Amino acid sequence: MKTQETRPVKYFVRMTLSQRIQHLLLMISFILLAVTGFALRYADTAWAQWLVRAMGGYEARAHIHRGAAGIMMLVTLYHFASLGVGAFIHRRRILSQKISSLPLMWSMKDWHDFKLTILYYLGRTPEPPKYGKYSYVEKVEYWSFVWGIAVMGVSGIILSVPFKALEIFPKWVVKVSFIVHSYEAALAVMAIVIWHLYTVHFAPDVFPMNRVWITGKISEDELKERHPLEYERLMQKTEGLEGSEATDTVPSR
Amino acid sequence: MEMILRKPLFIIPVSALCLFLSAAPSFAQGMPGLQDIGSETDCFSCHASQDTVKDIPGGKKISLDLDQGKWKGSKHSSLGCSACHGDKPHPPSEDVSTPGGWKSFMDSLQMGCAGCHPDAAESFGKSAHALSCSPDAPKSCTSCHDPHEPGPSRKTKKELIARCSGCHEQPTKSYFLSVHGQNLALGNEKSATCFDCHDYHGVKAVESVSSKELAEGCSKCHENASAKAVDGWFSHTPITSVQKIMLNLANLFYFIVIPFTIVGMVAHQVMKHRRMVEVRNIEREGKQ
């Protein structure tokens, strides 16, 4: 560990290529869905009508919306399938530890981290708490997305085959889907702007942009500062075992 | 149950009658009077620039001016004024603002609509509008149509709905919040609207459109529309208590969750921002 500090800037993999592609596809499909969706929701306004004309008319709008939804759902399915495969391969190691100690799972530490962070923000403590691989901010982000895609996916599928849905479910299911789909969309867009875009673009520590989503790498200093526990874990690991498992954050060239 | 369903349709505001009759001819006293009508040009010498507005029954006003541009766009313009208004367009006069006076003016028309439009007149006769006991229900063709304007085939669906919305304000509002209304607003003329379910002249009340008929209407665009699917569908019709509870729950959930989430997130980010700027400033001062 002491020898590391004398080295030039060292980078760690924060997002694998597959994760970056997933993120890019989600980003594109999210923007398309939001634009084409709100253009329908506010169809009576001049800007929505202009926008729909610009994208090629009401039919094109509907196709783009459904196409983007398809991409988003496929990426989500791929994501969970790959998580499942990974979990199966490493089942021994995963089963040997508590579920809450997995990187994206919630634990009491997140709750304490949250309280300590707020105290730090309010100037009551000199240092923020030490975060692991993913802080509570990132976990909120991830699980909000899981919730959002479940709600939007289910209500969206119902709305895309209304007559099938009307035959199978009580009539109110379609009406509720309609209400839920637009409220949840509004919530998702606001959350992305306030929570995600602020954190990765506008926050003073990353402004104008955190480049991890493009390069996939995080510098040693940044990792140490933002995810100190993860940094410590990786250092112990590289000291102990040489080489580590593909699913983890590993030192890169 | 049927009574409950029936009620809202007949709550029709007074505004209906003659809303579209913006350009009926004058028959007031002191007018050119009983003399024979000349050419159309003679009519327009007065009825284009009179700026006279008349009170008619129902608290409405009509202008005696006719928009010649619109009139030229109407198929009726080939018939000329006298085809309907006769040779004596200014009948002896009672005050048009009284129901009796208005009726005598309408009776003075040489030719009614049914002469040329028998099918429309027949189906109108069986319509919910014609059979309604409400004094506000549209009882004549001119309640919805202005014979001096271009006909329905030259109007967009949006323009046609304007006839319904005058009286059925709430259903029209909720229609424009539906996916059909939204798509119509975006220019989809195939999108279903009032008359696609309720019929044109033979306007049907909500409860008299059967599931089978409704499904037939839907299947013009939606291949898999079945009577089973649309049976009990509610759009701007009264809903059952279970449906009401479910819709209210969905609304309530988001009325709580959205403000709570947004306020929480904004507060968190504002606190973070202030602290980070503060820390950065301290660091800068330290360096100096």
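The values are calculated or read from the model by the stated rules, or taken from the named source; none is laboratory data. Fair warning: this is a prediction, and the values are worked out from it, not measured in the lab. All Cβ positions, glycine included, derive from the backbone under ideal geometry; neighbour counts span all protein chains shown. Just so you know, the surface numbers come from the protein's heavy atoms only, side chains and all, with ligands and any DNA or RNA stripped out. Shrake-Rupley method; radii C 1.70, N 1.55, O 1.52, S 1.80 Å.
Here are the numbers for the structure shown:
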item	result
Contact order relative to length of chain A, as percent, for alpha carbon pairs under 8 angstrom and 6 or more apart	31 percent
Computed label-point distance, nm, for sites A:ALA46 and A:ILE168 using a 7 Å Cα→Cβ extension	4.3 nm
Long-range Cα-Cα pairs in region B:208-288 (distance over 18 Å), rounded percent	69 percent
Low-density loop cleavage sites - chymotrypsin sites (Phe, Trp or Tyr not before Pro) in region B:97-204, where at most 16 other Cβ are within 10 Å (DSSP)	B:TYR200
Among A:PRO129, A:PRO208, A:PRO228: highest mean-square fluctuation, GNM of chain A, C-alpha pairs under 10 Å	A:PRO208
B:ILE258 - accessible surface, heavy atoms, 1.4 Å probe, Å² rounded to 10	30 Å²
Longest to shortest principal axis, alpha-carbon extents of the protein assembly as shown, angstrom	115, 60, 38
A:TRP147, A:TRP195, reordered so the largest accessible area comes first (probe 1.4 Å)	A:TRP147, A:TRP195
Cα-centre dipole for region A:27-92 with unit charges at Cβ (Lys and Arg positive, Asp and Glu negative), debye to 20	280 debye
q = 0.13, 0.15 Å⁻¹: log10 I(q)/I(0) that the Debye formula gives for region B:89-247, counting C-alpha atoms only	-0.76, -0.96
Quotient of Cα Rg and 2.2 N^0.38 Å for region B:47-179, N being how many residues it contains	1.16
Difference of contour (0.36 nm per residue) and Cα-Cα distance, B:GLN288 to B:SER104	56.6 nm
Compactness of chain A, expressed as Rg and Dmax over alpha-carbon positions, Å	21.6, 69
Sites A:HIS23 and B:PHE260, calculated FRET efficiency, Cβ-Cβ separation with R0 30 Å, nearest 0.05	0.65
Qualifying lysines (Cα of each under 27 Å from Cα of A:LYS10; at least 8 residues distant if same chain)	A:LYS2, A:LYS130, A:LYS133, A:LYS139, A:LYS217, A:LYS224, A:LYS237, B:LYS287
Nitroxide proxy distance, nm - points 7 Å out along Cα→Cβ at A:LEU83 and B:GLU207	5.2 nm
Stretchable slack from A:VAL154 to A:MET105, in nm (0.36 nm times residue separation minus alpha-carbon distance)	15.3 nm
Distance (nanometres) between label positions extended 7 Å along Cα→Cβ at A:VAL206 and B:SER78	7.0 nm
Helix-only mean residue ellipticity at 222 nm for chain A, each DSSP H run of n ≥ 4 adding -39500 (n - 2.57), per residue, nearest 500	-21000 deg cm²/dmol
Of all accessible heavy-atom area on region A:1-141, the percent that carbon and sulfur account for (1.4 Å)	70 percent
Residue (of B:SER108, A:ILE21, A:TYR134) at the positive-pole extreme of the protein assembly as shown, dipole from beta-carbon charges	A:TYR134
Given B:LYS61/B:LYS155; B:LYS70/B:LYS157; A:LYS109/B:LYS272; B:LYS54/B:LYS155, the pairs whose alpha carbons are separated by over 26 Å	B:LYS54/B:LYS155
Rg(Cα) / (2.2 N^0.38 Å) computed for region A:33-117, rounded to two decimals	1.79
Three principal axis lengths of region A:1-76 [C-alpha, angstrom, descending]	65, 25, 17
Extension reserve of the B:VAL279-B:LEU252 stretch, reckoned as 0.36 nm per residue once the Cα distance is removed	5.6 nm
